[in-house]
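A short worksheet on the structure shown next.
The values are calculated or read from the model by the stated rules, or taken from the named source; none is laboratory data. For clarity, every value in this text was computed on a predicted model and none was experimentally measured. Reconstructed Cβ throughout: ideal geometry from the backbone, glycine too, with neighbour counts over all protein chains shown. Just so you know, the surface numbers come from the protein's heavy atoms only, side chains and all, with ligands and any DNA or RNA stripped out. Shrake-Rupley method; radii C 1.70, N 1.55, O 1.52, S 1.80 Å.
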Amino acid sequence: MDQERDTGGPSGVAGGYRERASRLAGAALWTTTTTPSARPVLPDGCMDLIWSEGRLLVAGPDTGPYRPEGVPPGTLPHSRKGMGGTPIVGVRFAPGQAPSVLGVPARELRDLRVPLADLWPAGAVRELTERAAAAGEPGPVARVLEEAAAARLREASAPDGRTAAVAAALARGRPVAEVARAVALSERQLHRLSLDAFGYGPKTLTRVLRFVRALDLARRGTPYAEVALRAGYADQAHLAREVKSLAGAPMGVLLAPG
């Protein structure tokens, strides 16, 4: 929690995004304040537990750009994805981590934003809501959410070690068949595991994680041709097609200021 940093934030955040490493392996605690003109939020393979305007919500894994302006009044957009300049606090879980916290397969939350009360017992949600409200400031609220998630993980059945191995291998761009063999599953079994753990199949997760790598490289000023090579695309044209497919806009638009 000591390594807080200011960042430009993921695309879709107008500014003021702050992130800290969580005590939950691979997770992050974040706070932000965004505006109604925020850009679409892009797929990253993650799920979030969110606090905003006195409400607890969950953001499922995205398969395409999420546009906050399309959300009905009273519904909060996904993680780092706010509306109306309201402070938002959240825990961003590592790919495959959230289902043990939330108690439902990730596939049931794909491309959705839902109240936590739809997933947890009413008493548990009421208690966490009261604790978050009493914490007041974003930093303490983030710690309350983290503690609640950690408690749920301790109560959950032992995690399937294959989930982390699958995510790591796909993040490195390993072929699906190779990953399946490495974790002693058939490709069909791997597909089912991936739907439950990540919200989509291994091929889609590979595309999303490759896109995240590409966007990170491009934000550092890496030339697009080199981005394509280092992120694992066939060529720059392949990169352009995938970015447009997953983000709904070309890379230049995603990186443009403002």
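The number of residues in region 104-136 that are assigned to a helix (DSSP H, G or I) and either over 23 Å from R20 (Cβ atoms) or in contact (Cβ under 8 Å) with a residue 40 or more places away in the chain (or both) comes to 18.
Counting residues in region 231-253 that are part of a loop (DSSP other than H, G, I, E, B) and among the basic types (K, R) gives zero. Being closer than 20 Å to T31 by Cα and among the β-branched types (V, I, T) holds for only one residue in V166, V144, and it is V144.
Working carefully through the options V101, V89, find the one that is open to solvent by less than 20 Å² (accessible area, probe 1.4 Å), modelled with pLDDT of 60 or more, part of a helix (DSSP H, G or I) and among the aliphatic types (A, V, I, L, M).
Residue meeting the stated conditions: V101.
Being among the hydrophobic types (A, V, I, L, M, F, W, C), part of a helix (DSSP H, G or I) and surrounded by fewer than 17 Cβ atoms within 10 Å (Cβ to Cβ) holds for only one residue in A150, A167, and it is A150. Of all the numbered requirements in (1) without any contact (Cβ under 8 Å) to a residue 60 or more places away in the chain; (2) open to solvent by 60 Å² or more (accessible area, probe 1.4 Å), V179 misses one, and that requirement is (2).
Contact map, region 188-217: residues that are aliphatic (A, V, I, L, M) and open to solvent by 30 Å² or more (accessible area, probe 1.4 Å) paired with residues that are in a helix (DSSP H, G or I) and modelled with pLDDT of 95 or more, Cβ distance under 6 Å, separation 6+ or inter-chain. Pairs shown: L195/R107. For region 116-138, a residue qualifies if it is touching a strand residue (DSSP E or B) at 6+ places or on another chain (Cβ under 7 Å) and over 27 Å from L193 (Cβ atoms), and the qualifying residues are V125, L128, T129, A132, P138.
Residue check: is E4 acidic (D, E) and modelled with pLDDT of 60 or more? Spelling it out, it is not the case that E4 is acidic (D, E) and modelled with pLDDT of 60 or more. From the list A247, A228, the lone residue that is surrounded by 13 or more Cβ atoms within 10 Å (Cβ to Cβ) and in contact (Cβ under 8 Å) with a residue 40 or more places away in the chain is A247. Total residues in region 153-164 satisfying the condition of being part of a loop (DSSP other than H, G, I, E, B) and of a type in the set (D, E, K, R): the figure is 1.
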